[in-house]
Amino acid sequence: MASKLGLAGGIPERRVRPIWDAIDSRQFKNALKLTTTLLSKHPHSPYALALKALILERMGKPDEALSVCLNAKELLYKNESLLMDDLTLSTLQIVFQRLDHLELATSCYEHACGKFPNNLELMMGLFNCYVREYSFVKQQQTAIKMYKLVGEERFLLWAVCSIQLQIRSNLLMVALAQQSDLVSGLKMLQPFCKEVLCGNGGEKLLLLAEGLLKKHVASHGLHEPEALIVYFSILEQQAKYGDALDILGGKLGSLLMIEVDKLRIQGKLLARAGDYAAAANVYQKILELCGDDWEAFLHYLGCLFEDESSWACETINTPINPPRYVECKLTHLTDEVFDSCMENASAFVQKLQAEASNDSLRNPYLAHLEIERRKCLFRKNNDDNLVEALLQYYSRFGHLACFTSDVEAFLQVLPPEKKMEFLDKLMKNSNSLSVVPTRALGQSITLLKTEELIGNMFNLSVAELEGSAVQMAELYCKNLPLSKDLDPQESMHGEELLSIVCNVLVQAVNCSSFGCGLWFIVTYLVHVLVVHPYFPPKKNLKTIVLAVLLLCLKTDGKRIEETDEPMPMWDLSYGVASFPLACKWFLAFQGCFLVHFQHSCLKLKQSSCSAWKSVNLAKLSFGTSFDSKSLIITGLFWRTRDLGYFIEAIMVLEFGLTIRRYTFQYKILLLHLYSYFGALPLAYERYKSLDVKNILMEAVSHHILPQMLASPLWADLSNLLKDYLKFMDDHFRESADLTFLAYRHRNYSKVIEFVQFKERLQHSNQYLVARVEAPILQLKQGADNIEEEGSILESLKCGADFIELSNEIGSKSLTFNEDFQSRPWWTPTTEKNYLLGPFEGISYCPKENLTKEREENVRGFIERKSLLPRMIYLSIQSASVLYKDNSEINDSLADPKISTELKALLDRYAKMLGFSLNDAIDVVVGVSRGLKPYEVFGSDVIDWLNFAVFFNAWSLNSHDSGQQGGERTPGSWHVVNSLLENYILGKLRAMGPLIQSPQGDLPILVKLVTEPLAWHGLVIQACVRTCLPSGKKKKKSGSTDQSISLLSNAVRDAIQSLCSVLEEVAKWSQDQIKSPEDNKIDLLVSSLKRNGGAGKVFNILETLASSPNETELGDRISQALRSWSPVDVGRKIVTGQCRVLSEFWRICESKIKSLKTLKQQIAQV
């Protein structure tokens, strides 16, 4: 070809090299100049045109680049005499790929291969195109052609890998078809998919792959280990384990040079073939050669018990943090068989322990724990033996940071009393710690982490929690000199202590609120059940509820912590251990209580009872937006919580970061504390300091993304979404490069792995949420200007693509790639935060695996959100043609399909909320008139208010119910105005100062203003534009004048209503911002320096920082301690909260300004 003759695309290489040098050095203008000169000498050279297109694309001129590429493609097709080398085509492919027109590159290669069918370079380029398109069938066909052409082993393996990818793709189709009951189209695919995979299709593909490999082995053999592994994979999928074992034991088995790898394959094949005894022997050999192979030991036990659980196949939904142990099936075993297997396993483990030459080898001792765990699972009453084994493991490895993660699975099988027994024994052994300081520190930390893991800290009183936190702080300070000579980027000795202190302080916050809240609920219940004169005469119910409540409170002998509030009505010296059950009973009968709650509060305010006066009912201003859970939250958390503990937790972590700024655990904890505290800019700053890049965006961004989506920090949110989506889209575009690279380097297992990884990311729930939220953010930002909103909607194809996503989401299998193991205990998932709800009496906080529940919730969220752009567009279009005379209506706007489509989407939206369209309309109308409480909306308040806004837009131009549009207009406007005004103002009046009541309902308030209220504002803008007189005067009928008059009056009322609401919100925000900064800082810092309550840990750290011992601590740590300033931390918190409020105020002011302009315009009508 031309390139082999010193030519590049038919052009001498010396003329092309300077252009490539300029491109590589990013001197694109110079490169373009050189290319123009080259084209003057070779005007009909496709390669020169391809170079110019590449430069234009790099310069950010995609349209010009595409035009030049198409010219080059046309030249290739027309001129048969032109040389078609891979260099020209690959350059075109690069440009087409970057312009998202990969199909054009494929067509070029197909054309070239048609002209030169025996050119291997061109065929490899075509194969690469099919790899990029994930066209597995065409990959297979092209690879077989190359194999027939040159007979090379690699092309045969390319074909076999393509066959395997086809089978995986068919498997996925079957899984989707089986799980989808929502999409009827997939039901039609089920028989086809099953036939392809389970019938003739899948079997024929596997037989084809096996036949190709057999024929090649017979004539040429195999020469690479990866080829042999692919061969085994094909045989495994057909359950031909015996054939695979024969090959492994034959001449080809010598390709596997590492003995352990060969044994692993042999053990797996024997187990799959049902020869468990032989497989167990093989795994014994593996463990003798590699004693720290935990997976091999699990397989060994699986073979002993003839249990296939340890070979469970990975699926697309496999969590990124799989459990460290596997579920085992033991019920099929008799006692005799089980005991025999256990004896054999125990003897082998003892042998491994005796032969272990390395003291750091943990696997033989973990194996002993696993044996005792399985005895417990088999109901052998083996709890004591397991406890003893855990103690032995602690004595050997208790100083390691991994101890608690090692034993977590084994502790789960123990009953609560045995867990406490184990903890007590550990406490007793704590006096005999190692004499080596670092080892003793590690053992002490392990003891504290184990106490936290078991959940004992949740049962401690506030005083005990404070004592524990103080003890840990003193331990940290005492051992700080051990890190004196460490590099700043090295992990410090004992740095985990501050994380545990933070967890304890957060728990102390929760506990400290329960005593006061307890008095409030019990007293209120007694008042309502016994004293209230208006309560329904259900004496039996009263007696039962009261008796159960008191019984729950009396089950624990501990006294409630002392509070500043006087004892209400009688002396209750009962514990709070069963208080959560009391709360549940209270909520179970809340329907009776809440009817009279407001009246009761009014009576209590007038009461002369000192106990009731001590309860600050002024803070319980629920109004019409009272939420049943808010009683618990207000009584147990917001009103009585000592925020000093939260401030102290923040100070502790900031103190730790001052000494070592690379500790990611501190940053993640601070991120969540700042988010909860309403200082979201600080949380985002901590997230950015994690330096999250590339795939970590998918695994780590869950820490900040949900909070940002509900915040007014639109610029930061936009950057966060753009960075995340850019990485994902770039990976999808370029992941095929890795796949083809794996093909070329003969790493065939990576081919399958890369395709699986790409599929996993494509099904990421977080990616789909970000794809929906990014355009909705754009719509929020442009909602104050209907012209700008129109441009945004036009760029989004009027929401049509998102309707397709909403239709498809029901059939998508979502993946959850977030690393939830790194989240704090109080928020194990993005949907759950224990601090926002009532105390649940949890004694153990495992990292929850709620994949199915989360998948259902996320799918519903995406499905609803995907409808918004289209419904906003249709609402604007519907309002834009209201009441105009038929002669004035543009045909495209007056299309009756708009009303029909909007009604269909409303019906679908209502079904997502659990109602039919008519029932949903009855609900919103009933709530707006005060006939139903806002509680009927549940947690979907924003969705319900969105529904009301879109219902109004549809009803204005609809006659479905037999009413004229003009007659219905005032009613539908009033429904939306009333809903928004009452709910927003109710939330606003219930909110206290942000510095004293962190977060609260601020995220909800932001969503209310930026979503339903904003969409309602767009409908108003469309109506005002409709009502304004046009340039051409036309005679209007009396009915048209009356309709416009009714509409204009309704619009005036709506504008006035929204203006008054937004002015109230803006005033509240401005008052918060204008509050003196020094006063807020003093409030935060002084909460740590009062007698009693929070501040004990803070005082220890402050004492250390005020007078550090440079000799013991070294210069670096001493200087860091001197730079720590609690006042600066307080100032950052206040500044962060003020920035959130300022951004929210700016949004409100922008909307007020827009509405005032509309008010002036509508006055002209």
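The values are calculated or read from the model by the stated rules, or taken from the named source; none is laboratory data. Just so you know, these numbers come straight off a predicted model, no measurement behind them. In this analysis, Cβ positions are derived from the backbone assuming ideal geometry, glycine residues included, and neighbour counts consider all displayed protein chains. Side chains are part of the model used for accessible areas, which takes the heavy atoms of the whole protein and leaves out ligands, DNA and RNA. Shrake-Rupley method; radii C 1.70, N 1.55, O 1.52, S 1.80 Å.
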(message) Students sometimes get this wrong: rank LYS1074, LYS1080 by accessible area, probe 1.4 Å, all chains present, largest first.
(response) LYS1074, LYS1080
(request) Order the peptides 36-42, 952-958 from the highest to the lowest mean number of other Cβ atoms within 10 Å of their residues. (result) 952-958, 36-42
(request) Output the pairs from LYS693/LYS722; LYS911/LYS987; LYS215/LYS240; LYS1067/LYS1156 with a Cα-Cα distance over 19 Å in this structure; if there are none, say none. (result) LYS911/LYS987
(request) Pop the C-beta distance of LEU149 and HIS101 into the FRET formula with R0 = 35 Å and round what comes out to the nearest 0.05. (result) 0.75
(request) Using label points projected 7 Å from each Cα along Cα→Cβ, tell me how many nm separate GLU788 and MET420, to one decimal. (result) 6.2
(request) Provide the FRET efficiency to the nearest 0.05 for the GLU1112-GLU64 pair, computing r from the beta carbons and using R0 = 56 Å. (result) 0.25
(request) Sort the following peptides by mean Cβ neighbour count (other Cβ atoms within 10 Å, averaged over residues), highest first: 45-56, 976-987, 139-150. (result) 45-56, 976-987, 139-150
(message) Need one number: nm distance between label points at LYS214 and LEU1028, each 7 Å from Cα along Cα→Cβ, rounded to one decimal.
(response) 7.9
(request) State whether segment 276-508 is rounded, prolate or oblate according to the following rule on the C-alpha gyration tensor (a ≥ b ≥ c being the square roots of its eigenvalues): a/c under 1.5 gives rounded; otherwise a/b larger than b/c gives prolate, and the remaining case gives oblate. (result) prolate
(message) Need one number for segment 663-857: average projected area of the convex hull over its C-alpha atoms, nm².
(response) 14.1
(message) Between TRP294 and SER432, what is 0.36 nm times their sequence separation minus the Cα-Cα distance? Round to one decimal in nm.
(response) 46.7 nm
(message) On a full-extension model of 0.36 nm per residue, what is the gain between ASN71 and ASN807, subtracting their alpha-carbon distance, rounded to one decimal in nm?
(response) 261.1 nm
(message) With the crude spin-label approximation of a point 7 Å out along Cα→Cβ, what separation in nm comes out for GLN27 versus GLN1161?
(response) 5.4
(request) Estimate the FRET efficiency between SER1045 and LYS688 by the formula 1/(1 + (r/R0)^6), using the beta-carbon distance for r and 51 Å for R0, to the nearest 0.05. (result) 0.40
(message) With a 1.4 Å probe and all protein chains kept in place, how do LYS33, LYS1159 rank by accessible area, largest first?
(response) LYS33, LYS1159
(request) Could you calculate the contour length gain from LEU486 to GLU474, that is, 0.36 nm times the residue separation minus the distance between their Cα atoms, to one decimal place in nm? (result) 2.3 nm
(request) Kindly list the residues of segment 900-922 that lie in the label zone of ALA800, defined by a backbone N under 19 Å from the point 7 Å along the Cα-to-C-beta vector. (result) 900-905
(message) Applying a 10 Å radius around every beta-carbon, put 428-436, 495-503, 151-159, 906-914 in order of their mean neighbour count, most first.
(response) 495-503, 151-159, 906-914, 428-436
